[in-house]
1. Assuming residue 180 fulfils every condition listed in (1) under 12 Å from the mean Cα position of the chain (by Cα); (2) assigned to a loop (DSSP other than H, G, I, E, B); (3) closer than 25 Å to residue 285 by Cα apart from one, which condition is it?
2. Can you find a residue that is over 16 Å from the mean Cα position of the chain (by Cα) and either more than 15 Å from the ligand (Cβ to nearest atom) or farther than 21 Å from residue 460 by Cα (or both) anywhere in segment 165-173?
3. Taking the condition of being within 12 Å of the ligand (Cβ to nearest atom) and either surrounded by fewer than 24 Cβ atoms within 10 Å (Cβ to Cβ) or over 8 Å from the mean Cα position of the chain (by Cα) (or both), how many residues in segment 183-200 meet it?
4. Is at least one residue of segment 325-340 closer than 23 Å to residue 437 by Cβ, part of a helix (DSSP H, G or I) and in contact (Cβ under 8 Å) with a residue 60 or more places away in the chain?
5. Considering only segment 61-78, state which residues are assigned to a loop (DSSP other than H, G, I, E, B) and within 26 Å of residue 127 (Cβ to Cβ).
6. Given the condition more than 14 Å from the ligand (Cβ to nearest atom) and within 24 Å of residue 228 (Cα to Cα), answer yes or no: does some residue in segment 374-394 qualify?
7. Going by what's in this entry, would residue 439 be described as more than 16 Å from the ligand (Cβ to nearest atom) and either surrounded by fewer than 19 Cβ atoms within 10 Å (Cβ to Cβ) or at pLDDT 95 or above (or both)?
8. What is the one condition in (1) surrounded by 14 or more Cβ atoms within 10 Å (Cβ to Cβ); (2) more than 18 Å from residue 313 (Cβ to Cβ); (3) within 16 Å of the ligand (Cβ to nearest atom) that residue 404 does not satisfy?
Ligand code: GLN
């Protein structure tokens, strides 16, 4: 059952072979048993989860079930959920119980999904390894001495260890795709504006996007169907007709069943296969490319010439926006407040010095610096110009191809603590993921093999704006022909 797809779980519920209350309880038991070794979940509230499950059972009994009704889903602790502790991985919000639901949470609740719990993450989603959070690092289920990736590492580890059927995460520079790659699961960052940011604690608003994490492309499509949609409370939410993201999954591009991806042009950027890419990761991605060709896709060499500038541009823009977004945590309205202070300015200073961890403080300092008078033009404005060039690179590439394929990360999961002392080394892990955020494009990661130490390797598929259904189709067809996504870590049976 813990390996079942969302469709299979939904069928079990519909056939009354299992109630949502039973399903939820068995996941809660599994969390209780396996989470202590993983630190994937920060909060569990069995009473709340089971109440939702019973309500779902009533919906099912009344014949009103939707695709996700009764299915437990793990929520990254960045999503506000009414009555749930919502910490964003920070001491600053360690006591914050949200009085309202994020739009995504509202949508999942309305669809009858059950909140299984809130998952661990990097503090305020700043990190690539789920080690910067106040509540301790997430461990990779494939090897507990290694990182699970970040910042949605808790959601990724929960799905990988099969202690949650599916999860939600957020991706500002790779935080859905990168942990998905490092834990051998699937994750998708939608086109900017497809999923509302309302109630998703802001890191860098022009880059942040929520998305699904799960065991297969098909599961992601079902989740995205519920998560996507216009929301007037997010000024960048896109108003467009609702899409069924599952519609292309089983629709071969031509009538040829043996070559379901015939005609699909897959762009392979040379910049994603150069120096910095570990050999084991490169080999697994190459093998996957060969498999895509076997399925009928055509390989097209493309170039994204400004790729090397994406990390420097991102690490100016993201901290700049973060420094503004995080100014609301001042000890006055909610969250942590220093116990002792002399006056108002001292209260702000001590609250923020004590409430934020080192990485968050570093980002706020960088952000205020690059936005300050005298440096704005040299750093922030320059980074915005590079951002435009990066978007233009993709626009050029998508004249020649339908999707872009490459590695999600330059290496497999590394040892806990290996990069925490050197922020630049940590930032470089995002080399293949941040460009999609800068350009606002959809991108996903799916497992495609194993590398050094038997650790999972992820491949990234990126598409033009609103190409989610096409990306999911390619990924699904690949998954029908391969079984990397079905592999699960040892020791979590
Ligand atoms: N690793 C990147 C950062 O630290 C991306 C984080 C994210 O996507 N939330 O900024």
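1. Unmet for residue 180, out of (1) under 12 Å from the mean Cα position of the chain (by Cα); (2) assigned to a loop (DSSP other than H, G, I, E, B); (3) closer than 25 Å to residue 285 by Cα: (2).
2. No.
3. So the answer is 1.
4. Yes, there is a match, as at least one residue in segment 325-340 is closer than 23 Å to residue 437 by Cβ, part of a helix (DSSP H, G or I) and in contact (Cβ under 8 Å) with a residue 60 or more places away in the chain.
5. 77, 78
6. yes
7. Considered against the rule, which asks whether it is more than 16 Å from the ligand (Cβ to nearest atom) and either surrounded by fewer than 19 Cβ atoms within 10 Å (Cβ to Cβ) or at pLDDT 95 or above (or both), residue 439 comes out as no.
8. (3)
The values are calculated or read from the model by the stated rules, or taken from the named source; none is laboratory data. Remember, it's a predicted structure, so these values are computed and weren't measured experimentally. Note that each Cβ is placed from the backbone with ideal geometry, even for glycine, and that neighbours are counted across all protein chains shown.
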